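Since every read-out is calculated from the coordinates, none of them should be taken as a lab result. The model shown is predicted, which means the values in this text are computed figures rather than measured ones. Backbone-built Cβ (ideal geometry, glycine too); neighbour counts: all protein chains shown.
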Amino acid sequence: MKKSFFRALIIVLSLLSIVSSQVYAETDLSQQQRISISDLDISNSFREIYGFDPADNLSKAVYSEDSPGRYGVYLTDDELKTLSIRDATINYGKKLQEMLNSNYSEFFGGLYYDHLLDNGKLRIALSNKNKSNAESIQKIVDSSSEKKNIEIYYVDHTLNELISIQNDIINYIINNSLEFYTEISIEKNKIIVQASEQDREYIEQIKKNYGEDILETHLSSPSIQPLSRFDYVRPVRGGLAINNTSTGSLCTGAFTGWTIGPTGPVDLLVTAGHCGSLYDYFSQGNASIGAVNYKYFQGTTDALIILNTTGTVAFNSPYNYDNGYWDATESISSEIAGETICKSGVSSDVTCGPLRTPYASGSVDGTYLVGLRSAALYSTGGDSGAPTYLPGSSGNHTLAGVLSGGNIVAGEQRTLYSHIQNVITNLNLSGVYTL
């Protein structure tokens, strides 16, 4: 009996020794070899959203060296490979979505990519009022190499019905000068409406008008909070801290582009519209870069143009701070709920998460905006104006928009942005600098 006890004791002490040596080894890592606890927490938040197991190792050696630059978090090579496989399905889904919107809109309920279902599934919603048409969609899916990663499910409302009712609710909100937040959840086949407790009576009226089966309502703060790299950098480019010297507020530059002036192309810098007013001056790295020349802060767009008024600043860079470059801009027709969106902001650097919906609306600094994009990624004060983008495997990113603000929707941290196509159109830009 005593021998068994001592054997057990030796085993326990040996295990404790191993655990202690591992902890010691991790705490004894140099600063260059070790990631911080806060960075590990951010990485694990990302993992939870994407369905990966949590990590507890503080050594950079166990993670892919490419993951921080691409996603702003520490991931293993296997996790990066999984995301690449999912991206292939998402890219197929973008083409499928365009076709369904064009040819089957009368019974198409939308589609999205679910990162948590069966290690990732592209889900296609079809109206249960027209199930007889599902066979033709199923044949299209079955002919694809992605068929094992796709499933069809049935819903009560088509996407066009949801969009129409959301527009009616938005008009009701604007006509009554209310500060509400709304979005379309393709996953739930519902319109989410969020308002403060004091506006409960209006929520009840909306329920009465449209029925509770199509709505998900929340009584919590509905407002989108504006989210107002510091070294001198030239050429000026997206992702850098810019300071409004007229007001003292801090924002992030989104991207550089050009427009056609009286004497030829004019280079310019774009940031969020709520970051300044017409003729406000901005600096970068404590040096003046120009003044606001044009602002569009309404409808689908929160953006402004800073024009080089010093004669000494180059704005013609395609680079996004220090982790890549723009090689394209995203079209509205190709975006899909579930695609990974990143941002590069002054305050919280690079963070990424899935696009939850391209159908969000809410108030920013008292201005009601519609057609915003809402992604489940972290941002904070100073990140307003930051570029949002789809990350590329080799730093070749696709520019998606301009960050407007953040809020909490049904308990989830969200970041909202104006889509790049709306920004280009409403700022009358001729183009964006890409490689």
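A few notes on this one:
- Rg followed by Dmax, in Å, when the chain is reduced to its Cα trace: 24.1, 96
- Estimated Rh, the range 149-288: Kirkwood, alpha-carbon pairs, angstrom: 18.9
- Extended-chain gain in nm, criterion 0.36 nm per residue less alpha-carbon gap, residue 135 and residue 151: 4.5 nm
- Helices in the chain, meaning DSSP H runs of at least 4 residues, each add -39500 (n - 2.57). Divided by all residues, the mean residue ellipticity at 222 nm is -8500 deg cm²/dmol.
- Cross-link table 60/81; 147/207; 94/129, entries beyond 27 Å C-alpha to C-alpha: 147/207
- Separation of the alpha carbons by more than 24 angstrom is noted, of 131/188; 188/295; 148/343, for 188/295; 148/343.
- Take the Kirkwood radius over Cα pairs of the range 34-155, plug it into Stokes-Einstein at 20 °C and 1.002 mPa s, and you get 132 µm²/s for translational diffusion.
- Kirkwood Rh and Cα Rg combined as Rg over Rh, evaluated for the range 108-193: 1.09
- Shape box of the range 223-435 [Cα atoms, principal axes, largest first, Å]: 47, 37, 32
- Here is the P(r) of the range 312-424: all C-alpha pair distances, binned every 10 Å from 0, give 15, 50, 30, 6, 0 in whole percents.
- At the listed q of 0.13, 0.16, 0.19, 0.23 Å⁻¹, the Debye profile of the range 220-307, built from one uniform point per Cα, gives log10 I(q)/I(0) equal to -0.41, -0.61, -0.84, -1.16.
- Full extension of the chain between residue 277 and residue 410 gives 44.6 nm of extra length, using 0.36 nm per residue less the Cα-Cα distance.
- With both residues required to sit in the range 34-155, DSSP beta bridges show an antiparallel share near 55%.
- nm² value of the averaged projected area, convex hull over the Cα atoms of the range 159-219: 3.6
- Positive-end residue, the chain charge dipole about Cα centroid, Cβ charges, pick of 108, 54, 336: 54
- Top positive-direction residue, dipole computed over the range 119-268 with Cβ charges, set 164, 211, 251: 251
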